[in-house]
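Everything below concerns the one structure shown next.
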Amino acid sequence: MEKQMNQDNGGENKPLKDLLNRAYGQPTSMPDADSFYKDVRRRIRQQSETRIPWWKVLWGTPYRVAAQLACVVLIAMVWLQYAPLTTPTGIGSVPGVAIIDDRAEVEEIDSESTIIVYTLAESQATMVFFSWDDDVPEETHSSSGRGNMDYYSTHGVFIRT
Amino acid sequence: VNKSQTGASNPKEGGTEKELVAALRQGSEEAFRQLVDRYRDRLYRMAHRMVRNEDEALDIAQETFVRAHKSLSRFAGRSSIYTWLYRIARNLALDRLRRRNAHWHVSLDEQADENGSPLLERLPGKEATPDEAAAEREMMEKVRNEMDTLSDKHRIVIELREFENMSYQDIADEIGCSVGTVMSRLHYARNYLAERLSAYMDTGEGQA
């Protein structure tokens, strides 16, 4: 009685049941329990043997772009650290001026050595120290002492005051 | 690997789902065997209903257990174990259908031999006229499409009831809800399908 009530509550519908079964049908045979289980175990074993290495998984996931970017940044940093430095030119020919960090290339110095236009190699965006050599005779300087300045850009003008 | 090797405790034969899941998490080989035995046939039939090919259905059912084995540690227990397996199997079957549709499609109306006889008429055991066959095919497609529009929770109960002939209580135990919820979902799913498939149900011959 209770079962019948449950069925009514669930809205048993025989024509619908028949239709569904006709539409989907049933397989003609069922899998053998033992061989099925053996096949499952074999697959598990095979898949664990051919496990994909972590770096391949990483490369094939949405993290791929981030991983590639990180590699590029890493390579760039290593290159910047160890890349051969540009040979500075013109230092020797500039009276009264010495460049402590010689990675800057001096392009132009005015006749009184008060203006220096410099360029850094593109990859060497680092600070540059200019200084006036203390040993330079006083008469070549319009001001006394030593001038130091930091530059972070790759191109600039340093004016001695 | 057995109990003595893993240190896992084996579940009782026919024990509760909680006991089974606990044993599975401990890596019990016996529990995994029980899991396979308990759900093998049902998943196989479910996959067969979707792909309509016994070899592929077998493949899907086996792969379902392989995937389940791999991710047992991630099974949170929020759904019942059958619901979890059902979703894995269904996704595998859907992938299979998508690949099949993308790469291989043979229409039964296509000319299949040099005499120009359609493939449908040459299928063994097929004695339906082309019109009847077309109507049958249309009915099958319509039923499947409507079933696919049901949500997972409604589709599961109707499959377990109409195809597996399980009692309300067994369905409730299987999917981890009350009998009342099962009846309510069934009621909804049946009404939904009956409304959309009434033409086919009335005639029984697919005359929409």
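The values are calculated or read from the model by the stated rules, or taken from the named source; none is laboratory data. In this text the structure is predicted, and so the values were computed from the model without any measurement. Cβ coordinates were reconstructed from backbone atoms using ideal geometry, including for glycine residues, and neighbour counts include every protein chain displayed.
Brief remarks on what is shown
- Complete set of residues in segment B:128-187 that are hydroxyl-bearing (Ser, Thr, Tyr) and under 19 Å from the mean Cα position of the chain (by Cα): B:149, B:151, B:167, B:168
- Selection from segment B:160-190 of residues that are closer than 14 Å to residue B:42 by Cβ, in a helix (DSSP H, G or I) and facing chain A (nearest Cβ under 9 Å): B:161, B:162
- Enumerated helices (runs of 4 or more DSSP H) restricted to segment B:13-89, each holding at least 2 residues that are over 30 Å from residue B:145 (Cβ atoms) and away from chain A (no Cβ under 13 Å): B:17-25
- Some residue of segment B:148-155 being assigned to a helix (DSSP H, G or I) and facing another protein chain (nearest Cβ under 9 Å): no
- For segment B:191-208, the candidate set comprises residues that are part of a helix (DSSP H, G or I), loosely packed, with under 14 Cβ neighbours inside 10 Å and modelled with pLDDT under 85; within that set, the residue that is farthest from the other protein chains (Cβ to nearest Cβ) is B:203.
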